[in-house]
Amino acid sequence: MTREFFNYIDGKWIPAASGETLASHNPATGELIGAVPASDARDVARAVTAAANAFEKWRKTPAPRRAEIIHAVADLVRARKQTLGELLTREMGKVLPEALGDVQEAVDMGMYMAGEGRRLNGLLVPSELPNKWAMAVRDPLGVVGLITPWNFPIAVPSWKIFPALLTGNTIVWKPAEDTPVLAVEFVKIFEEAGLPPGVLNLVTGYGVPAGAALVEHPQVKMISFTGSNEIGKQIAVRGAQLGKRVSLELGGKNAIIVLDDADLDLALDGIIWSAFGTSGQRCTATSRVIVTPEIHSELAERVADRASKLRLGNGLLPTTDVGPLINRDAVDKVHQYTELGVSEGAALLVGGARGVEGDLAQGHFYKPTVFDRVTPTMRLAQEEIFGPSLAILRAHDIDEAIRLNNGVNFGLSASIYTSNVNKAFEAMRDLTTGIVYINAGTIGSEVQLPFGGTRGTGNGHREGGGPPVLDAFTEWKSIYVDYSGKLQRAQIDTDALVQ
Ligand code: NAI
Ligand code: MG
């Protein structure tokens, strides 16, 4: 029997106005996980009204009190980590240890934001005039719309929901259509932790009409979006027309640079983990290795060998290294890049085919794929593939390697393996991505630091953590308090003071 789930609007679990549903399947087995509302603009409108009505009371709830609820959510997520992790593997496909990490990220972000409840610093600075105070505080935006992808079904929403709530906003969340049941389970925890009705609303459904209706709704002040470049740009354009703030995180074409002096065993571990973890479906996944001549052939050979030994399968099995891709379209997309790479003249070392042997035939599997002799202008070296496909490029030296890293239309994450401390610092100075790793792969950010990138990866905002995440969800308000009891003119009466 199909398990049916509902939207969460104004503290109630309700079906879509249309009564339509969409089904969520396990990408490894085809198993039906459940059915959720296929919402449209009517459901979004209801949710936005609920969020707007809840806003006044929530914004006036003291931040430490808001933080206590977030703390309670984090505790509940931690207590349910195993159950949520298993559901995450079933609905999204990533192997269980990674699924548990996805859930842990929400615990970490919850704890970090809960602590922020008693900090949430503004600014207090001296005034240029006597008997006057100058300070600035953070105001919430109002109703914010969150649109999230399927690749981190708990972690990415937690990066948005916790800071948005902590800073006093109310929320309408449209999760990815591929992982809606996890969204329902996550929201249930907020309800259980005592979040007041209307503060967090969940509307499941497709990008069009549900996500698009959220973007269009006049009472939604801001859209925080993580997903594809194509849709992100569309939302930015529409947001500009409607006068909304839009915070974007749109993926990457991340590279690991390996210099001649690197510890090759260490680099190899970093490459395999970063390229094929989550089947390459991370915005920070390594999709390019840029290697200097002396070690090029040895590294290429060893990467291909390790990739060929990765075991595809159901992520719940301890024998599985790499799980399925999210859906049939994703497999087709990765395979198109394989065909493109071959036609562009790159050398296919390993993989390049769907996984169809035995039980794999029931799911959306693709074999870990490695191309060598990729040149910088090939599309294979420029475009986001979002799958287990790795391109190896050659650079003569560190300068060329950094140029290649920076020469793509994404700027999320980059890494360099070297044992030379001077070169490491050069790379830290010259790599123009939002995240840089030294002697570690391109994945594995922590919530205490900003997450996001340059160029086509985003539009200047940072989410995921660190104090800058608060900027995405707040408006600064500068406040001057004059207790002199007379007119004091800034920039004008200041001269008299120094005579
Ligand atoms: P997508 O960008 O279409 O979907 C992301 C979210 O946006 C989902 O919740 C979706 O329902 C919503 N959406 C789609 N169209 C919309 C619209 N017109 N208005 C408002 N919301 C809309 O990504 P998709 O189709 O799941 O994956 C396609 C490609 O996007 C991937 O192959 C990958 O290259 C990239 N991607 C990047 C991610 C990242 O981490 N930055 C995450 C997911 C996908
Ligand atoms: Mg799409």
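Structure summary
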{"item": "Residue tally, condition open to solvent by 50 Å² or more (accessible area, probe 1.4 Å) and within 15 Å of Ala255 (Cα to Cα), over segment 398-427", "result": "3"}
{"item": "Residues being surrounded by 15 or more Cβ atoms within 10 Å (Cβ to Cβ) and touching a residue at least 60 places away in the same chain (Cβ under 8 Å) - total across segment 468-490", "result": "8"}
{"item": "One residue from Leu316, Leu325 being of a type in the set (A, V, I, L, M) and over 19 Å from Ser228 (Cβ atoms)", "result": "Leu316"}
{"item": "Candidate set from segment 189-237 (those that are of a type in the set (S, T, N, Q) and more than 16 Å from ligand 2 (Cβ to nearest atom)); member that is most open to solvent (accessible area, probe 1.4 Å)", "result": "Gln219"}
{"item": "Cβ-Cβ under 6 Å pairs, at least 6 apart or on other chains, segment 7-24 side open to solvent by less than 70 Å² (accessible area, probe 1.4 Å), far side of a type in the set (Ser, Thr, Tyr)", "result": "Ala16/Ser39"}
{"item": "Selection count where residues are surrounded by fewer than 20 Cβ atoms within 10 Å (Cβ to Cβ), assigned to a helix (DSSP H, G or I) and either under 27 Å from the mean Cα position of the chain (by Cα) or in contact (Cβ under 8 Å) with a residue 24 or more places away in the chain (or both), scope segment 328-353", "result": "8"}
{"item": "Boolean, Leu393 is over 19 Å from Glu249 (Cβ atoms) and open to solvent by less than 50 Å² (accessible area, probe 1.4 Å)", "result": "yes"}
{"item": "Contacts under 6 angstrom Cβ, first residue in segment 365-388 being more than 20 Å from Ala28 (Cα to Cα), partner within 16 Å of ligand 1 (Cβ to nearest atom) and in a loop (DSSP other than H, G, I, E, B), 6 or more apart", "result": "Gln382/Val408; Glu384/Gly251; Glu384/Lys253"}
{"item": "Positions within segment 457-467 being open to solvent by 10 Å² or more (accessible area, probe 1.4 Å) and more than 17 Å from Val137 (Cβ to Cβ), in sequence order", "result": "Gly458, Asn459, Gly460, His461, Arg462, Glu463"}
{"item": "Residue in segment 110-133 that is over 20 Å from Glu475 (Cα atoms), out of contact with any helix residue (DSSP H, G or I) (no Cβ under 6 Å at 6 or more places or on another chain) and buried (at least 20 other Cβ atoms within 10 Å of the Cβ) present", "result": "yes"}
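To keep it simple, each residue is scored yes or no on (1) under 20 Å from Val350 (Cα atoms); (2) surrounded by 16 or more Cβ atoms within 10 Å (Cβ to Cβ); (3) more than 16 Å from ligand 1 (Cβ to nearest atom); (4) not acidic (Asp, Glu).
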position	(1), (2), (3), (4)
Ser247	no, yes, no, yes
Leu250	no, yes, no, yes
Leu259	no, yes, yes, yes
Gly277	yes, yes, no, yes
Arg282	no, yes, no, yes
Thr292	no, yes, yes, yes
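The values are calculated or read from the model by the stated rules, or taken from the named source; none is laboratory data. Because the structure is predicted, anything quoted here is derived from the model rather than measured. Note: ideal-geometry Cβ built from the backbone for every residue, glycine included; neighbour counts use all protein chains shown. Note: accessible area is taken over every heavy atom of the protein model, side chains too, but ligands, DNA and RNA are not part of it. Shrake-Rupley method; radii C 1.70, N 1.55, O 1.52, S 1.80 Å.
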